[in-house]
1. Would you mind stating whether residue A:85 is β-branched (Val, Ile, Thr), in a helix (DSSP H, G or I) and over 30 Å from residue A:255 (Cα atoms)?
2. Can you name the residue in the range B:195-215 that is touching a Ser or Thr at 6+ places or on another chain (Cβ under 9 Å) and at pLDDT below 95 and, of all such residues, is surrounded by the most Cβ atoms within 10 Å (Cβ to Cβ)?
3. Does residue A:248 meet the test of being touching a residue at least 24 places away in the same chain (Cβ under 8 Å), of a type in the set (A, V, I, L, M, F, W, C) and touching a Ser or Thr at 6+ places or on another chain (Cβ under 6 Å)?
4. Going through the range A:52-84 one residue at a time, which ones are exposed (fewer than 13 other Cβ atoms within 10 Å of the Cβ) and under 24 Å from the mean Cα position of the chain (by Cα)?
5. Name the residue that is surrounded by the most Cβ atoms within 10 Å (Cβ to Cβ), counting only residues in the range A:39-51 that are of a type outside the set (Asp, Glu) and more than 14 Å from chain B (Cβ to nearest Cβ).
6. Failed condition for residue A:123, given (1) surrounded by 14 or more Cβ atoms within 10 Å (Cβ to Cβ); (2) touching a residue at least 24 places away in the same chain (Cβ under 8 Å); (3) on the phi > 0 side of the Ramachandran plot, with all others met?
7. Does the range A:1-10 hold any residues that are surrounded by fewer than 24 Cβ atoms within 10 Å (Cβ to Cβ) and away from chain B (no Cβ under 11 Å), and which are they?
8. Kindly indicate which of B:102, B:131, B:53 is part of a helix (DSSP H, G or I) and closer than 26 Å to residue B:230 by Cα.
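The values are calculated or read from the model by the stated rules, or taken from the named source; none is laboratory data. Quantities reported herein were computed from a predicted structural model and do not represent experimental measurements. Neighbour counts are summed over all protein chains in view; Cβ atoms, including those assigned to glycine, are modelled from backbone coordinates with ideal geometry.
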2 protein chains.
Amino acid sequence: MALRVGVIGGGQLARMMIAPAVELGIDIRVLAEDQGMSAQLAATAVGDYRDLDTVRRFAADVDVVTFDHEHVPQDVLRALVADGVAVHPGPDALRFAQDKLDMRARLAELDVPQPEWARVADAGELQRFLDAHGGRGVVKTPRGGYDGKGVRVVSAAAEAEDWFAGLAGGDALLVEELVPFVRELAQQVARRPSGDLAAYPVVETVQRDGVCAEVVAPAPGVDAEHAAEAARIGREIAEGLGVTGMLAVELFQTEDGRILVNELAMRPHNSGHWSQDGAVTGQFEQHLRAVADLPLGDTRPIAPWSVMINVLGGPADAGMLDRVPAALAASPGAKVHTYGKAPRPGRKVGHVNVAGADLEEALRRARSAAAAFD
Amino acid sequence: MALRVGVIGGGQLARMMIAPAVELGIDIRVLAEDQGMSAQLAATAVGDYRDLDTVRRFAADVDVVTFDHEHVPQDVLRALVADGVAVHPGPDALRFAQDKLDMRARLAELDVPQPEWARVADAGELQRFLDAHGGRGVVKTPRGGYDGKGVRVVSAAAEAEDWFAGLAGGDALLVEELVPFVRELAQQVARRPSGDLAAYPVVETVQRDGVCAEVVAPAPGVDAEHAAEAARIGREIAEGLGVTGMLAVELFQTEDGRILVNELAMRPHNSGHWSQDGAVTGQFEQHLRAVADLPLGDTRPIAPWSVMINVLGGPADAGMLDRVPAALAASPGAKVHTYGKAPRPGRKVGHVNVAGADLEEALRRARSAAAAFD
C-alpha cells in the first residue's frame with residue numbers, strides 16, 4: 001500500500017510531480033479540469049475543482065490533498081478540512097495566496113519588508129495614494145491575477161476605472177508603490193505540517209512581458225547578508241502564514257539594497273524549476289515530501305550555477321514533436337522538460353535547465369536548446 | 001501528438017523510464033505481465049510477451065518497441081520486424097543477450113577480450129575443459145539465467161549432471177574459466193539506430209550472492225588507460241552486435257591488469273542506476289533517446305563520485321510505506337528509488353543514490369539510507 005497524494009489541477013506543476021512520485025513510491029492521483037491535460041498520465045478524475053461533490057469524491061480516495069494551483073474556493077477547502085481530510089497547504093494559508101489584500105495586511109502584521117500599499121475602494125482613494133507616491137503606482141485585482149494579468153501600472157486613477165466599475169459592493173483594489181528595483185529575486189522554502197523547514201538558495205528571475213523568462217541559481221553577486229535576509233523572509237512567511245508544501249516568495253531588490261516582497265505562491269513555482277536538475281532535491285519532490293509530512297530533502301545546488309529558460313510556444317501549426325529533437329541536438333547537456341501542451345504564441349509549453357561550473361556557458365547552452373523550439 | 005514508445009515488460013526498468021518519458025514528452029506505454037506491476041502507471045496492456053498476437057496488438061499503437069527485459073522470443077521479435085515495427089534493440093542484437101553461447105562465439109569473432117570458454121554438450125567435454133583450466137570452472141545455462149541463477153562454480157563435471165540431463169537434443173552448456181579477478185567493473189554505452197554512440201564512465205560493481213549490491217562511479221583508482229579500454233570494449237560490442245538503446249557490459253579486472261567481458265545486458269542495467277542522479281543524462285532517459293533515435297545526452301558525472309546501493313526487501317510482513325520515511329530521515333541527500341514491489345527477503349525493491357565530492361561520505365550516506373529499509 002503506497003501513500004496516496006491527490007493533486008487538484010492537471011497543469012504542468014501536477015505533471016512535474018509525477019516523476020518524483022514514481023521514484024518515491026507515492027501513488028499520485030490528479031483531479032484534472034479536462035481530458036488531455038499536462039498531468040494526464042496521473043489523472044484519475046476529471047471535474048470542476050469548484051464543485052464540492054467532485055472534490056469530495058476525489059479526496060475520499062487519497063491520504064493528502066495538495067494543488068497544482070491556488071484557485072480552489074475557500075468553502076470547498078474548508079469543507080474538506082471539516083471532513084477530516086489532510087489538505088496542504090490548508091485554507092488558512094491559501095487565503096493569503098488567493099487574496100493579495102489579505103496577503104499585504106498579514107505581511108504588515110508580521111513586519112515583513114514590502115512595498116508601500118493601500119486598499120482602495122474607489123478612484124479618489126487611488127488618486128490620493130498616487131499623489132503621495134510620486135504620481136504612479138501598480139494597481140492589482142486582489143484575486144485571480146497571474147502571469148501579469150490583473151496587474152496594471154497607472155499614473156492616474158482614471159486608468160483603473162473599469163476595474164473599479166467591476167467591483168462588487170464592499171470589494172476594493174490593491175495599489176502598491178512602483179518599487180525602484182534593480183532586479184527581481186525569488187526565495188523558496190519548503191515546510192512540513194510538523195514545522196520542519198528547508199530553504200533553497202535565493203535565485204534571480206528575469207521577467208519578460210510579466211512572465212518569468214529566465215532564472216539563475218543562485219542569484220549572481222548576492223552577498224551573504226542579502227541571501228540570509230531572503231531566506232529569513234521566506235521562513236518568516238512560511239511560519240507566519242502556516243504554509244505547508246512549497247512556498248515561493250517573489251522579491252524586489254531595490255536600488256538602496258532592500259529586499260521587498262512582491263508576490264507569493266504556495267506550490268511549486270516557475271522560479272524553482274531549476275532545482276529539478278540543479279539541486280539535490282528538486283522542488284516537485286520536495287513539495288510531495290512536505291505535504292506528505294515526510295522528511296525534507298537536501299536543498300543544496302549540485303553545481304556552482306543552474307539556469308532555467310522557459311519555452312514559450314511558437315507558431316500553433318507546428319507540434320512539439322519536431323522541436324524536441326532540435327533542442328536535444330542543440331545542447332546535449334540541456335535538460336528539456338515539456339508540458340504536453342499544444343504550442344500557442346506566448347504559452348509556456350516547457351523549459352530547459354542547465355547546470356554547470358560556468359554561468360555564461362550554462363546560459364548559452366540553455367538558450368540554444370530553448371531557441372530550437374521557436 | 002507525442003512520440004509513442006512501447007515497453008515490453010512491466011518491471012522496475014520500465015517503471016524508471018516513466019519519469020524521463022514524462023519530462024521529454026514521450027508517450028510511454030507498457031505491456032505488463034500482470035496487474036499491479038512496477039510500471040503500473042504506464043501499463044496500457046496486460047498480457048504474455050511470448051504470445052505474438054498480444055505483442056502485435058500492443059506494437060500496433062506505438063512508434064517504437066523496446067524492452068524491460070531480454071526474454072521476448074526471437075520468433076515474436078522477427079514477426080514484429082517483418083510487420084515493419086521499429087524494434088530496439090532488434091532481434092539480431094538481442095539474440096546475443098539471450099544466448100550466452102552465441103554471445104561468446106560472437107565476441108570471439110570480434111576479438112573482444114573475454115575469459116577462456118567452451119561449448120560443452122556432455123560431462124566428458126566439461127571435465128576436459130576443467131582439467132585444462134586448473135580443475136575448476138563456471139558452468140552456465142546459455143539461456144534464462146539472471147542475478148546468479150543459471151550459474152554454478154564447479155570443480156567436477158558431475159556437479160553439472162542435472163543440467164546436462166535437462167538439455168534438449170543438440171543443446172549444450174557454456175563453461176568459462178574461473179577468472180582470477182580483483183574486482184568487477186561495468187561499462188555502459190548508448191547507441192542510436194543511426195549509429196551515434198555515447199559512453200558512460202566505467203564503474204565498479206560489488207556483487208553479493210550473485211546480485212549487484214553497490215556501484216561506485218567512476219570506478220575508484222581506474223587509470224586513463226583502463227578507462228579507455230573499457231569504453232573501447234563497450235563501443236566495439238555495441239557496434240559489432242548492432243545494439244540499439246543502452247548496453248551494459250559487465251567486466252572482470254584481472255590480477256594482471258586485463259579487462260575481460262563477463263556478461264552483457266541490452267537495456268538499462270543495475271550498474272547504471274547511479275546515473276539517474278549522478279550523470280547529466282540518466283540511463284533511463286538515454287535509453288529512451290537512443291531507441292527513439294533522438295540525439296543522445298551528455299554522459300558526464302555531475303559530481304566527482306556517485307554511489308548506488310541496492311535495497312533488498314526485508315521481512316515480508318512490513319510494507320515499504322513505513323520504511324521510506326526512515327530512509328529519507330537517515331540521509332537528506334540520498335535519492336531513494338522504489339520499485340512498487342512487495343518486500344520479500346533478497347528481492348530488489350529499490351535503490352539509493354548519493355552523489356558528492358567525497359566517496360567515503362557518499363557511501364556512508366547511501367548505506368545509512370539503504371539500511372533504514374532493513
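1. On the way: β-branched (Val, Ile, Thr): yes; in a helix (DSSP H, G or I): no; over 30 Å from residue A:255 (Cα atoms): yes.
So residue A:85 does not fit the description; no.
2. Filtering the range B:195-215 for residues that are touching a Ser or Thr at 6+ places or on another chain (Cβ under 9 Å) and at pLDDT below 95, the one surrounded by the most Cβ atoms within 10 Å (Cβ to Cβ) comes out as B:212.
3. Answer is yes for this residue.
4. Residue satisfying the conditions is A:75 alone.
5. Keep residues of the range A:39-51 that are of a type outside the set (Asp, Glu), which gives A:39-47, A:49-50.
Okay, now just the ones that are also more than 14 Å from chain B (Cβ to nearest Cβ), so A:45-47, A:49-50.
On the way: A:45: 16, A:46: 17, A:47: 16, A:49: 21, A:50: 12.
The residue in question is A:49.
6. With (1) surrounded by 14 or more Cβ atoms within 10 Å (Cβ to Cβ); (2) touching a residue at least 24 places away in the same chain (Cβ under 8 Å); (3) on the phi > 0 side of the Ramachandran plot applied to residue A:123, the lone miss is (3).
7. Across the range A:1-10, the qualifying residue is only A:9.
8. Just one listed residue meets the conditions, B:102.
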